[in-house]
Amino acid sequence: MTRAADTGTGTITDSGCVFCELEGRNEDLVLHRGRLCYVILNLYPYNNGHLMVVPNRHTADLVATTADERSELITLVRHAEMALDEAYRPDGINVGINLGRTAGAGIQEHLHVHLVPRWNGDTNFMGAIADTRVLPEDLQQTATRLRPVFERLSKEVD
């Protein structure tokens, strides 16, 4: 599915964006869909439970989001924090947005918020010498673990 995207100039184009074109690839990584945003596991996680909150609408930065999109985005970030705490009991969680390639954005054309669970001592030599990460849980196990928590949280009143 290709969605038309506002490029910021008012011009509508086919985006070719991985966050816009989930159908048929990586749809199984989606943990929860809201009205304006969704939660998805990172295909290349830094740690178990590494997920992202993504607006449905193709936009590169917070400036272009609507008040409703920002509200749902932060609500889902909050739910993601709660779900990760419940499912994984991490010692901490990195929450971040990288705007632009220089800031570290791997996909700079579509805004997304990363949540990465962290544990004391969670770094190891594999990443330093082999550019490899060792994750004891595959993505489908992670999805199975987190989906019911998101389902319950979406029904609760904040």
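Since every read-out is calculated from the coordinates, none of them should be taken as a lab result. Not measured: the values here are computed from a predicted model. FYI the Cβ positions are ideal-geometry reconstructions off the backbone, even for glycines, and counts take in every protein chain you see.
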- Trp119/Lys155 FRET efficiency (R0 22 Å; Cβ-Cβ; nearest 0.05): 0.15
- Note on the structure: When Cys20, Cys37 are ranked with the fewest other C-beta atoms within 10 Å first, the list becomes Cys20, Cys37
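With a sphere of radius 13 Å drawn around the Cβ of Asp68, what net charge do the other residues whose Cβ falls strictly inside it have (Lys, Arg +1; Asp, Glu -1)?
+1
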- The simple spin-label model distance between Asn26 and Met82, using points 7 Å out along Cα→Cβ, in nm, is 2.7 nm
- Item | Estimated distance in nm for a label pair at Val95 and Ala67, the labels positioned 7 Å out from Cα along Cα-to-Cβ | 2.1 nm
